[in-house]
Amino acid sequence: MAELTWRGKCRPAHPADVQLQTVDVVGNGGWHNRLIQGDRAHVLAGLLPEFAGAVDLIYLDPPFATGGKFSTTAANGTTPQLAYYDVWADEDAYLQWFYETLLLAHGLLADTGSIYVHLAHHIGHYARAVLDEVFGRDCFQNEIIWSYRTGGASRRRFARKHDNIFFYTKSPDHWTFCPQKERSHMMYRYGFRKSDFHTDAETGQQYTLVYARDVWEIPSVGSATAERVGYPTQKPERLLERVLRASSKEGDLVLDCFIGSGTTAVVAQKLGRRWIAADASPIAIETTRKRLLTAVPDVSFTTQTTHT
Ligand SMILES: C[S@@+](CC[C@H](N)C(=O)[O-])C[C@H]1O[C@@H](n2cnc3c(N)ncnc32)[C@H](O)[C@@H]1O
């Protein structure tokens, strides 16, 4: 199999003696969901002693190597503060960082588990080769195209209005998958019966429900969207809902170590999944905490630090 290489490529040793700054969220039945502040390598390595092979679903929405600096007013509502940098010495540095993240994630994933890695055109083609190497080409399941309609378009090329989400499983044979449905308007072509038809309450348009494709038309989090918290690159809850409903069951453990505004944690909490969420940015942790308190009734926090 072909393999991608870059300057400085190496398999690092896991960081040892890791201290995790954990904020517990009280959960059901003795399980405590975890909100952790820290760099992904420390967090993932710190989780390995307890959770190796135990995570059912990993969603990663890392920096995309855009070269951007992302500010937010999510923490205080007014003055923009730096949330995180996506600036790298070069592509080699990014790929080594990404490779290290995947190696750790692979160790945490359960034998029937799945990983979704959310990227974009800047780096997605290289990242897929790295995913093939770490997870195995035969564990590739889908390249999902998340198509959206945000403002701004170039006159020099077609408007770039999609992200790529790579879906891999730990095993090439067995994994959790609950097929999801989407609307189709091609009703007559496939011989649906009248009883299969639904009517949209707002538009009156008729549709049927069919198994979802790998192109997802889900609106991005616009400025007037109720779920918007003002954190840059916030992903829509509907997107995470589809990932979690498809690739986890109630009670399964979901991990996101680039939690940002908290989308994965909020959706996991609403859908009855156990979760571990982390981020290097203190603003992301604070935003997630605030968002959980607002979005999820009866959530309460107790702060603790875990040594591993
Ligand atoms: C694209 S955003 C995630 C957005 C998130 N999915 C949401 O819906 O809000 C990427 C996140 O990765 C975090 N991050 C960047 N480098 C990191 C690192 N080395 N370790 C952990 N988190 C990191 C940033 O602070 C940022 O919150």
For this session: Would you kindly derive the ³J(HN,Hα) couplings of the stretch 266-274 from the backbone phi angles with the Karplus curve 6.51 cos²θ - 1.76 cosθ + 1.60 (θ = phi - 60°), listing them in order in whole Hz, with x for Gly and Pro?
Result: 5, 5, 4, 4, 5, 8, x, 9, 7
For this session: Give the range of the longest stretch in the chain that excludes all chymotrypsin sites (Phe, Trp or Tyr not before Pro) found in loop regions by DSSP and having at most 14 other beta-carbon atoms within 10 Å.
Result: 32-157
Exercise. In the chain, what is the count of Lys pairs whose alpha carbons are under 25 Å apart, counting only pairs at least 8 residues apart or on separate chains?
Worked result: 18
Exercise. Helix 91-108 versus the longest principal axis of the chain: what angle, 0 to 90°, nearest 10, using Cα atoms?
Worked result: 90
Exercise. Using the alpha-carbon atoms, what tilt in degrees (0 to 90, nearest 10) does helix 282-295 show relative to the longest principal axis of the chain?
Worked result: 40
Exercise. If you wrap a convex hull around the C-alpha atoms of the chain and split its volume per residue, what is the figure in Å³?
Worked result: 183
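Every number here is computed from the coordinates shown, using simple stated rules; none is lab data. Quick caveat: nothing in here was measured; it's all calculated off a predicted structure. All Cβ positions, even for glycine, are placed from backbone atoms using ideal geometry, and neighbour counts span all protein chains on display.
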